[in-house]
Structures are given as C-alpha cells and as structure tokens.
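The values are calculated or read from the model by the stated rules, or taken from the named source; none is laboratory data. Because the structure is a prediction, the values reported are computed rather than measured. The area values use the complete protein model at the heavy-atom level, side chains included, leaving out ligands, DNA and RNA. Shrake-Rupley method; radii C 1.70, N 1.55, O 1.52, S 1.80 Å.
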Amino acid sequence: MLEDYLKVQNILIIDSKNQLESQIREQTDRNQQDNYVIKGKLLEKKKRSKN
C-alpha cells in the first residue's frame, strides 16, 4: 500500500511540474507579445514626434 501511495505521489509531482512548465511557457509567450506591442507603440510615438 505504501508503494502505491509513493507511485501516485511521484505521478502527481511530475504532473504538477509539467503544468507549471506549461504555464511558464505560456506566460513567457504573452510577455514577448506584450513587449512587441509596447516596442511598436514606442516606435510609432517616436515617428510622430519627429514629424
């Protein structure tokens, strides 16, 4: 019974780790997209201020 518990515990830990890694990847992608938007808006602002 203890062996079964330990096996399940390992599976839960691995699943939690995979979910966390997936969330980190998604957040990194969102941050990169946000950075592109911000950089684009800054470029537009600079172009407008030069004209």
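Leaving out ligands, DNA and RNA, what percent of the accessible area of the chain is carbon and sulfur, probe 1.4 Å?
Roughly 56 percent of what the probe reaches on the chain is carbon or sulfur.
Would you tell me the accessible area of Ser22, worked out with a 1.4 angstrom probe on the heavy atoms of the protein chains, in Å² to the nearest 10?
About 40 Å², rounded to the nearest 10.
Tell me the accessible surface of Glu21 in square angstrom (1.4 angstrom probe, heavy atoms of protein chains only), to the nearest ten.
It works out to around 80 Å².
In the full protein assembly as shown, how much of Ile24 is accessible to a 1.4 Å probe, in Å² to the nearest 10?
Near enough 100 Å² of accessible area.
To check my understanding: the extent here is largest minus smallest coordinate of the Cα atoms along each principal axis. What are those three numbers for the chain, in Å, largest first?
That gives 75, 7, 5 Å along the principal axes, largest extent first.
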